[in-house]
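Engineer: Sending over a structure as structure tokens; questions will come in a sec.
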Amino acid sequence: MVIYLDRKKSFLTQAHFLIANIMTPLSSKASMSENFPQGLTQDIAKIRLAAEGPNEIATDQRRTTLDIAIEVAREPMFLLLLIAGGIYYILGDAQEALILLGFVIIIMTITILQENRTENILETLRDLSSPRALVIRNGTPTRIAGREVVREDTLILVEGDRVPADGMVMEAHELAADESMLTGESETVPKFSKQDQVFAGTLIVRGQGLIKVSSIGRKTELGRIGKSLQDITSESSPLQDEVGLLARRLALIAIGLSLALTVIYWIFRHDWLHGLLAGITLAMSLLPQEIPVIMIIFFALGARRIANQKVLTRRLHAIETLGETTVLCVDKTGTLTENHMTIAALSVGGQLLKTEALEEGGLPDPYHELLEYAVLASEIDPHDPMELAFHHFAKEYLANTEHLHPDWSLTREYEISPRLLAMSHLWRNHSGQYDVAAAKGAPEAISDLCHMTIDEQLQVNHDAEIMADQGLRVLGVAKANHSIQIPNPESQHDFSFKFVGLVGLADPLRAEVPDAITECHQAGIRVIMITGDHPRTARAIAASAGIPGKVIITGNEMEKMDTLTLARQIASVHVFARVTPAQKLAIVEALKENGEIVAMTGDGVNDAPALKSAHIGIAMGKRGTDVAREAASLILLEDDFTAILSAIRLGRRIFVNLRQAMVYTLAVHIPIIGLSILPLMFGLPLILTPIHIAFLELVIDPSCSLTFEAETASPYLMEQPPRSATESLVSSHQLTLSLIQGLLVTLAAMAYYSWALSKGEPAGHARTLAFIILVTANSALILPTRSPEPGWFRLFSKISSTGIMVLGATLMGLMVITEIPVIAQAFSFSPPAITQWLSAFLIGASMLILFEWTKLGLYKRP
């Protein structure tokens with residue numbers, strides 16, 4: 001016998017049910033209070049956790065603050081700043097060297113704090129999405145994080161669980177584990193006997209058991225042989241590869257140009273130290289150190305935003321894929337529907353009875369037997385929504401009748417299988433002559449068990465179709481007697497079953513689903529519903545949800561199709577019925593063969609291959625097994641379809657904002673590069689030095705990583721089709737826009753600088769005014785770049801509080817370094833008169849008009 005734990009119910013109710021099945025004989029499941037294991041107390045568990053440490057083999061992939069600091073210190077930008085400081089010291093300018101060192105410390109501190117915050121977010125998400133453990137504490141089943149398991153804890157393990165620690169079997173029922181990750185052997189290992197050992201990291205593939213933990217963390221067998229999460233390296237995503245390639249190319253360009261500039265300066269001005277400073281300045285202006293940081297921060301903060309929508313991100317690259325999703329495959333039960341079953345209709349002898357008009361005690365006698373055998377074919381202590389509906393209905397309408405049998409004992413259970421969608425129970429009725437068998441399942445499976453004639457099967461199918469057309473889930477019920485003198489059959493087919501009738505169950509559609517489906521269609525996302533229900537039931541539910549259901553493919557029809565045929569037909573199919581979990585993988589592969597980007601939901605062990613194969617696997621958090629969670633990219637904390645849609649919406653928003661941040665980053669580097677090269681080319685004093693680049697880095701980093709990340713989504717975001725999987729992060733059109741906008745700033749600052757020098761202004765004075773224009777124009781560029789669409793009304797609308805703070809802090813910092821004489825002197829600035837300061841500021845701010853005109857002229861409507 002196999003007893004399945006239903007993940008759709010609360011784990012506390014299920015745990016009591018499970019322990020009852022493990023620890024007591026089938027004939028005496030009534031009272032267990034005196035035998036219920038107590039486990040450790042919470043106080044003892046806390047003491048052991050503090051004394052022995054968490055149940056971890058290693059520290060996952062978390063970087064400590066020291067690790068982050070070492071990585072940051074190795075960044076080329078900081079090394080260049082230190083080299084520049086050394087050159088200033090050699091030249092005798094100790095003050096300039098100290099100021100550069102101060103900037104190094106400030107920028108490193110901000111970077112470390114920012115990356116540490118990102119790491120904390122990722123660590124929180126890792127903890128939330130890591131496997132859970134069901135332990136008994138103070139006599140109560142308690143769900144905890146796997147890392148909180150301590151030695152001598154009592155674990156409850158069921159099919160699909162990943163074992164969190166080594167332990168000894170206390171009680172077991174058909175328990176078996178897959179230990180291939182330890183032994184390399186694919187054959188499952190039974191764990192029936194007490195004192196059998198289970199090992200951390202292995203997978204429970206059958207049955208249930210109570211385990212006493214003997215070892216945790218590095219003291220487990222898994223820890224001793226050195227298997228850890230640190231050994232697992234995740235592949236980079238296409239977007240990460242693209243950004244990495246862009247960063248490497250820009251770095252090579254920076255090195256080449258800076259070396260060339262150093263040589264040119266030395267040839268024409270015969271000053272190799274100042275030439276080296278000029279080369280370092282150019283290299284700092286070109287180095288794209290912000291780009292990888294921006295992407296990581298966007299994804300980390302995006303994952304936190306998605307978590308606020310009750311969706312956990314296990315793999316960050318899933319965020320970029322969300323915006324590409326073209327097909328969303330969802331289970332009907334619990335995702336589109338409320339997963340709350342009620343008996344809506346009964347059919348006996350072709351006579352259909354609607355239950356909505358029944359009064360208490362008013363069930364007609366011909367339907368008593370149907371309900372009686374439906375209950376007998378269910379678990380004694382039900383947890384499945386359909387079986388709960390049978391028991392509740394029987395308690396209301398069969399109370400005080402001879403059709404309820406609390407004194408009968410269950411002698412054998414025949415489980416459902418993909419080949420036969422029916423299950424049977426064999427009961428001992430104490431008559432001393434025969435046992436009673438009860439079966440329930442798909443109508444066609446029950447017809448098969450009853451060995452019906454063709455005409456009888458057609459009649460049953462006709463009656464079932466009438467009920468299914470009303471959106472009901474239809475089950476057939478059968479009965480049989482079996483002599484106790486004959487050994488129990490090994491197969492359900494060996495009973496002489498007689499057909500009793502049909503039961504129709506209703507599982508209401510979630511109220512918000514139709515609108516969500518409509519939004520998916522508007523966003524260019526095809527929704528495919530997958531269910532084990534009758535095709536007519538599936539069609540009715542699909543129609544209510546707004547999913548096209550004219551053409552339906554069943555599991556039986558799929559078995560007869562080859563891969564190419566399925567891929568061809570699936571292009572126009574939105575509903576699959578009578579599908580087993582194992583067939584989900586074939587659906588995913590067929591969709592991928594057609595070039596679709598597929599998101600797939602699942603909860604069971606058999607769903608794991610499909611979840612792993614899909615571009616985005618989505619595990620049901622409430623009822624999902626550990627193996628399903630591990631295979632998935634996203635985990636739903638609430639089994640709700642609208643949560644998936646919210647994640648897709650946020651995924652699109654994150655990508656759009658990331659793209660705009662990259663466009664801005666490229667644009668603001670153009671004038672920095674230009675103002676580093678042009679003065680040298682025209683024989684003018686240099687405008688920018690390393691200290692100026694360091695200040696600009698303080699402006700660019702928060703602008704890109706914080707201002708753009710906080711931008712709200714366009715109201716039309718979900719009215720656009722998914723972006724192509726081959727679409728670049730920054731298109732040639734956007735690259736052109738960045739180049740033109742950057743050149744406009746370069747020309748404005750350089751022209752004003754040249755004009756000021758021609759009027760006899762000191763170099764320090766002209767440099768100050770050019771720098772004011774540069775910083776102001778770069779700040780103004782944030783406003784039109786926040787959105788990819790042009791529009792004058794968009795410039796100042798819905799500016800985030802983060803954006804306002806960044807702009808305010810930038811302008812305040814600009815005033816400090818240009819107007820306070822002591823600080824200005826350190827930057828080689830000469831404080832201008834307030835009228836000059838304002839005129840330069842207005843020139844920079846007026847660039848906003850040119851930015852928007854350029855954007856309007858180059859805009860291509862999608």
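The values are calculated or read from the model by the stated rules, or taken from the named source; none is laboratory data. Please read these numbers as outputs of a predicted model, since none were measured by experiment. Glycine gets a Cβ as well: all are built from the backbone with ideal geometry, and neighbour counts include every protein chain shown. Remember, those area values only see protein heavy atoms, side chains included, never the ligands or the DNA or RNA. Shrake-Rupley method; radii C 1.70, N 1.55, O 1.52, S 1.80 Å.
Engineer: Determine the shape class of region 782-848: with a ≥ b ≥ c the square roots of the Cα gyration tensor eigenvalues, call it rounded for a/c under 1.5, and otherwise prolate if a/b is greater than b/c, oblate otherwise.
Structural biologist: Taking the square roots of the gyration eigenvalues as a ≥ b ≥ c, region 782-848 is prolate.
Engineer: Follow-up question, since we're still on this one. Enter the accessible area of R428 (Å², nearest 10), with the probe set to 1.4 Å and all protein chains included.
Structural biologist: So the heavy atoms of R428 present about 90 Å² to solvent.
Engineer: Just the number, please: carbon plus sulfur as a percent of the accessible area of region 512-649, 1.4 Å probe, no ligands or DNA/RNA counted.
Structural biologist: C and S atoms contribute 50 percent here.
Engineer: Using a/c under 1.5 as the rounded threshold, could you call region 291-411 rounded, prolate or oblate? The axes a ≥ b ≥ c are square roots of the C-alpha gyration tensor eigenvalues, and prolate needs a/b larger than b/c, oblate otherwise.
Structural biologist: Prolate is the answer for region 291-411, as a/c is 1.5 or above and a/b outweighs b/c.
Engineer: Where does each of 579-585, 508-514 land if you order them by average Cβ count within 10 Å, highest first?
Structural biologist: 579-585, 508-514
Engineer: Taking the highest mean first, how do the peptides 718-728, 546-556, 433-443 order by number of other beta carbon atoms within 10 angstrom per residue?
Structural biologist: Taking the mean over residues of other Cβ atoms within 10 Å, the ranking is 433-443, 546-556, 718-728.
Engineer: Under 5 Å between amide H atoms, partner at least 5 residues away or on a different chain: which partners does V527 have, H built in plane at 1.01 Å?
Structural biologist: L328
Engineer: By average Cβ neighbour count within 10 Å, what is the ranking of 523-529, 808-814 from highest down?
Structural biologist: 523-529, 808-814
Engineer: Need the C-alpha centroid separation for region 141-157 versus region 423-471, integer Å.
Structural biologist: 42 Å
Engineer: When only alpha-carbon atoms are used, what values of Rg and Dmax, in angstrom, describe region 588-741?
Structural biologist: 22.3, 72
Engineer: Whole-Hz ³J(HN,Hα) for each residue in region 805-817, computed from phi via Karplus 6.51 cos²θ - 1.76 cosθ + 1.60 with θ = phi - 60°, x for glycine and proline: what do you get?
Structural biologist: Values, residue by residue: 5, 5, 5, x, 5, 5, 5, 5, x, 5, 5, 5, 7 Hz.
Engineer: Next question. Which FRET efficiency value, to the nearest 0.05, is calculated for Y859 and A809 with the Förster distance at 30 angstrom and r the Cβ-Cβ distance?
Structural biologist: Calculated value: 0.45.
Engineer: Given R₀ = 25 Å, what would the calculated FRET efficiency be for D67 paired with N308, taking r from the Cβ atoms and rounding to 0.05?
Structural biologist: 0.35
Engineer: Per residue of region 781-786, in order, report the coupling 6.51 cos²θ - 1.76 cosθ + 1.60 (Karplus, θ = phi - 60°) as ³J(HN,Hα) in whole Hz, putting x for Gly and Pro.
Structural biologist: For region 781-786, the Karplus curve yields 5, 4, 4, x, 7, 4 Hz.
Engineer: Hey, can you grab everything whose amide H is under 5 Å from the amide H of K310? Only 5+ residues off in sequence or another chain; H modelled, so Pro and N-termini drop out.
Structural biologist: Answer set, sorted by chain and number: none.
Engineer: Counting just the Cα atoms, what span does region 674-774 cover along each of its three principal axes? Round to the nearest Å and put the largest first.
Structural biologist: 57, 25, 22
Engineer: Further question on the same structure: Per-residue HN-Hα couplings for region 740-747, Karplus 6.51 cos²θ - 1.76 cosθ + 1.60 at θ = phi - 60°, whole Hz, x for Gly and Pro?
Structural biologist: My calculation for region 740-747 gives 5, 5, x, 5, 4, 5, 4, 5 Hz in order.
Engineer: Roughly speaking, what is the stretch gain from A725 to E369, that is 0.36 nm per residue apart minus the C-alpha to C-alpha distance, in nm to one decimal?
Structural biologist: 122.4 nm
Engineer: Using modelled backbone amide H atoms (1.01 Å from N, in-plane), which distant-in-sequence or interchain residues come within less than 5 Å of T337's amide H?
Structural biologist: It is R510, by chain and number.
Engineer: Heavy-atom accessible area per residue, region 537-583, 1.4 Å probe: how many Å²?
Structural biologist: 48 Å²
Engineer: Suppose R0 equals 56 Å; then what is the FRET efficiency for E456 and L637 from their Cβ-Cβ distance, rounded to the nearest 0.05?
Structural biologist: Here the calculated transfer efficiency is 0.75.
Engineer: Distance check, please: which entries in K310/K440; K310/K612; K354/K479; K550/K592; K550/K584 exceed 27 angstrom between their Cα atoms?
Structural biologist: K310/K440
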